[in-house]
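Below is one structure, written out as structure tokens, with a few remarks after it.
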Amino acid sequence: MSIGNKVIDEGMQGEATILASDNSAANGKKLYLESYGCQMNFSDSEVVASIMSGEGYQTTRNIEEADVILINTCSIRENAETRVRNRLTDFKKKKEDNPDLVVGILGCMAERLKKSLLEEEKLVDLVAGPDAYRDLPNLVEEVGTGQKAVNVLLSRDETYADISPVRLDQGGISAFVTIMRGCDNMCSFCVVPFTRGRERSRDPQTIVQECRDLFEKGYREVTLLGQNVDSYRWNISSKGEIRDENLPTTNFAQLMEMVALVSPDLRVRFSTSHPKDMTDDVLEIMAKYENICPYIHLPVQSGHSDVLYRMNRGYSREWYLERIDAIKRIIPDCAISTDIITGFCGETEEEHQDTLSLMDIVQYDFAYMFKYSERPKTLAERKFEDDVPEEVKGRRLNEIIEKQLSHALLSNQRQIRTVQKVLIEGLSKRSEEHLCGRTGRNSMVVFPKSEYQKGQYVMVRIDDCTSATLLGEVVSKC
Ligand code: 5AD
Ligand code: SF4
């Protein structure tokens, strides 16, 4: 469940994105890709499209003409998995009509469900985990020879650094750039460390090069992606030691600065920050560059220190609030969003009230709110009972959503009568006569089209708002 503007995180879980590019070096075979879950999956699908296009596969939006169907899956909550299963059942009918059709699953569901999906339910021909995408052409070939093809090996060093992703959003201006993979945090509710493996950072030179290429192709915004961007480190060990004295080291603040310097007209965003690791040097770099957007996604998960301890988050309520103070001190106009889980194991009414009180203190601009969903293998599944009744989880979630709606409206009302720099993303969904774009704070703004175009920056005076959108008029070009 997400309340805010852009779907920026696993708040998107469960919604499918159909991806296609027009690649001309084709072998006549068509690939249909569908992505579920987080931005990381979306970004991975672009790597998959690139690897498959190297074999001559052209991506298509029309499932009927596909020779290969790949679904990039998400495991973060049970309902995300259920949606994928339903989709696979639809594809099973297609396979009955066309026995040559190859259906495969990629991503987070691969490891856990490989046996049941391949052998027991026979829903797919191919299974590839998040670190096995280079092997996809071989796997597709194996299916062609009548075998069930599986590669779910997790790697300690795969970052796909050398692969130039095929951009699947056609003529876009905003792109995701993966800077690291995996996660070492072991939050007790989270399946990601099991599905995506150990944390590893990508060579900063390849990241900067990718951002430069994107800028040259007309993109005006990059979002640097990682499960925990604050622990990005290149040539630095997890203990903080330099690995190779002859090479430079890079931390996240330095990487962001390198990307910001690509061009003042390239907006830089990032996701996701971790409260235990977010340092002041990152905030100071954000304050220094106008093109690093003043927006931080800082998942709190719960407002009570005992729950945070059970969640193994590595910080307390007080620590989190101190980090919020640091953001407000160093970047006074920074927008802040969060993730909240309600009904985690053993959550009492008092603990829930503390989440609400923390929301009142922070007044988030956007939030992604979820009921706790027990995931296999996680610490919570092994150690705690999922004991908050479903109706209590639902009621608490509604209280949290209601509070967030009022804060989002207040946040938008505060923008009225200000003038905001907006990057135009395209036509408004509701009207051909209006354009839409985002402010640096990530608010969606709708305004009359006039002569302006996608990819331009304009200054917009905000005249009105809803809890999700700002409405205004262009006062000048940038
Ligand atoms: N149940 C509910 N929400 C979860 N998240 C992660 N794991 C679970 C789970 N088991 C949420 C967290 C995280 C976001 C990406 O998804 O809030 O920050
Ligand atoms: Fe999951 Fe925690 Fe890692 Fe985020 S930081 S991916 S919630 S284990």
Per the Kirkwood formula on distinct C-alpha pairs, the Rh of segment 150-263 is how many angstrom?
15.3
Short version: what are the Cα gyration tensor semi-axes of segment 59-115, square root of 5 times each eigenvalue, largest first, in whole Å?
21, 11, 11
Give me the distance in nm between label points sitting 7 Å out from Cα along the Cα-to-Cβ direction at residue 353 and residue 89, one decimal.
4.4
Please give the peptides 281-292, 83-94 ranked by average Cβ packing (other Cβ atoms within 10 Å per residue), highest first, as a rough proxy for protection.
281-292, 83-94
Taking the Cα centre of each part, how many Å lie between segment 145-178 and segment 384-398?
36
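If you average 1/r across every pair of different Cα atoms in the chain and take the reciprocal, what Kirkwood value do you get, in Å?
23.3
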Additional length obtainable on full extension of the chain from residue 186 to residue 466, 0.36 nm per residue less Cα span:
97.0 nm
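Percent of alpha carbon pairs in segment 85-201 separated by more than 18 Å?
Roughly 60 percent, rounded to a whole number.
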At a temperature of 10 °C and a viscosity of 1.306 mPa s, determine how fast segment 348-478 diffuses translationally according to Stokes-Einstein, using the Kirkwood radius over alpha-carbon pairs as Rh; express D in µm²/s, rounded to the nearest whole number.
92
Net +/- balance of residues flanking residue 346 in space, Cβ distance below 11 Å, scoring K and R +1, D and E -1:
-4
So what does the Cα-only Debye profile of segment 10-151 read at q = 0.13, 0.14 Å⁻¹, as log10 I(q)/I(0), no solvent term?
-0.48, -0.56
Taking a crude spin-label model, label points 7 Å out from Cα along the C-beta direction, the residue 239 to residue 162 distance in nm is 3.1
Over 5 Å intervals from 0, what percent of Cα-Cα pairs in segment 419-477 sits in each interval?
5, 23, 39, 26, 7, 1
By the Kirkwood definition, with r running over pairs of different Cα atoms, segment 251-300 has a hydrodynamic radius in Å of 11.1
Here the net charge surrounding residue 97, from other residues whose Cβ is less than 14 Å away from its Cβ (Lys, Arg +1; Asp, Glu -1), is -2
Any idea of the accessible area per residue across segment 392-478, 1.4 Å probe, to the nearest Å²?
49
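Restricting to segment 332-478, compute how many DSSP beta bridges are antiparallel as a %, nearest 5.
70
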Scoring only Lys, Arg, Asp and Glu (+1, +1, -1, -1) among other residues with Cβ under 13 Å from the Cβ of residue 328 yields -3
What is the Cα convex hull volume of segment 174-413 when expressed per residue in Å³?
132
Within the set 328/477; 30/421; 115/371; 371/449, which residue pairs have Cα atoms separated by over 31 Å?
30/421; 371/449
Dividing the helical contributions, -39500 (n - 2.57) per DSSP H run of n ≥ 4, by the residues of the chain yields a 222 nm value, nearest 500 deg cm²/dmol, of -9500 deg cm²/dmol
How would you rank 246-252, 219-225, highest first, on the average number of other Cβ atoms within 10 Å across their residues?
219-225, 246-252
One would report the Cα pair-distance distribution of segment 237-353, bin width 10 Å, in %, as 12, 36, 30, 17, 4, 0
What ranking do 435-444, 379-388, 301-310 get when scored by the average of other Cβ atoms within 10 Å per residue, highest first?
435-444, 301-310, 379-388
Which are the unpartnered cysteines of the chain, meaning those with no other cysteine Cβ under 4.7 Å from their Cβ?
38, 74, 108, 183, 211, 293, 334, 345, 436, 465, 478
Taking every DSSP beta bridge with both residues inside the chain, roughly what % is antiparallel (nearest 5)?
45
Run the 1.4 Å probe and let me know the accessible area of residue 159, rounded to the nearest 10 Å².
20
Extent of segment 332-414 along each principal axis, from alpha carbon coordinates, in Å, largest to smallest?
44, 23, 16
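The values are calculated or read from the model by the stated rules, or taken from the named source; none is laboratory data. Worth saying up front: this structure is predicted, and the values here are computed from it rather than measured. Please note: Cβ atoms are built from the backbone with ideal geometry, for glycine as well, and neighbour counts cover all protein chains shown. These accessible areas exclude ligands, DNA and RNA; they are computed on the full protein's heavy atoms, side chains included. Shrake-Rupley method; radii C 1.70, N 1.55, O 1.52, S 1.80 Å.
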